[in-house]
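The values are calculated or read from the model by the stated rules, or taken from the named source; none is laboratory data. Remember, it's a predicted structure, so these values are computed and weren't measured experimentally. Positions of Cβ are backbone-derived with ideal geometry, glycine not excepted, and every protein chain shown enters the neighbour counts. With ligands, DNA and RNA removed, areas are computed over all heavy atoms of the protein, side chains included. Shrake-Rupley method; radii C 1.70, N 1.55, O 1.52, S 1.80 Å.
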Amino acid sequence: MTRLAAFTLTAGLTAAVASAATTPTKTIQPAVQSAARVAVARETAQVRLLQRSGGLKAVKVTGSCAGRDNIPLLKVWADAKGTPRLVQYQRFYPDNSQSFTGYYDAAGRLRFAKASASGFIGLLYNVTTEYDAAGRQVAESGTRRPGWNQELQRLPGLNPDLLKRGICTQ
């Protein structure tokens, strides 16, 4: 084998290994992922339209959902059938903060979530995540500090299933 051919083969293998190590694996095919993201966009747009048109009513939340100044940390809006469709949680302290906004479909499943948190060490995460009707993550964008890889559906201290029922978790 000539030196040029050996170099080319070595460079090609190195590039393939580097690519495999840095390219995330996709569990959903691109066409299916695209269709799921379109469905998420439609669900989110529907919730926003309901909110703007007055189709969502505020849900009473538990008394533990008030902050230091008696300002509610949690706001939940439900449709005419009583299904929570929009959940907002915000907690701000001088040394840390946490916020979550979740859009739910008519069946009460989380479809779109935006969350951020910071602590003593700075930004922990600031992500937007989309979920299909089966609850599988189809897309995520944003920033996460190394080690903060938990899905928004399962964040400690911020359980969306409890939040949509009006229960704060602290």
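Using the Cβ of Trp77 as centre and a radius below 9 Å, the other residues enclosed give a net charge of +2, where K and R count +1 and D and E count -1. With the simple model of a label 7 Å out from the Cα in the direction of the Cβ, Ile71 to Leu162 spans 2.3 nm.
Here the 3J(HN,Hα) profile of region 79-86, calculated from phi with Karplus coefficients 6.51, -1.76 and 1.60 at θ = phi - 60°, is 7, 5, 7, x, 7, x, 10, 9 Hz, Gly and Pro shown as x. Residue by residue, region 56-62 carries 3J(HN,Hα) couplings of 10, 10, 5, 9, 5, 10, 5 Hz when phi is fed to the Karplus relation 6.51 cos²θ - 1.76 cosθ + 1.60 (θ = phi - 60°); x denotes Gly or Pro. Can you bin region 60-117 into rounded, prolate or oblate? Criterion: square roots of the alpha carbon gyration tensor eigenvalues sorted a ≥ b ≥ c, rounded for a/c under 1.5, prolate for a/b above b/c, oblate for the rest. It comes out oblate by the Cα gyration axes. Would you work out if region 56-154 is rounded, prolate or oblate? Take a ≥ b ≥ c from the square roots of the eigenvalues of the alpha-carbon gyration tensor; rounded if a/c is under 1.5, else prolate when a/b is larger than b/c, oblate otherwise. Cα axes put region 56-154 in the oblate bin.
Return the FRET efficiency for the residue pair Arg136, Ala106: r is the Cβ-Cβ distance, R0 is 25 Å, and the value is rounded to the nearest 0.05.
On the way: r = 18 Å, r/R0 = 0.74.
Efficiency for this residue pair is about 0.85.
Each label point was placed 7 Å from the Cα along the Cα-to-Cβ direction; for Gln51 and Gln88 their separation is 0.6 nm.
Region 35-100 and region 104-132 have their alpha-carbon centroids 12 Å apart.
Rounded to the nearest percent, how much of the accessible area of region 45-105 (1.4 Å probe, protein heavy atoms only) is carbon and sulfur? Solvent-exposed carbon and sulfur of region 45-105 make up 51 percent of the total.
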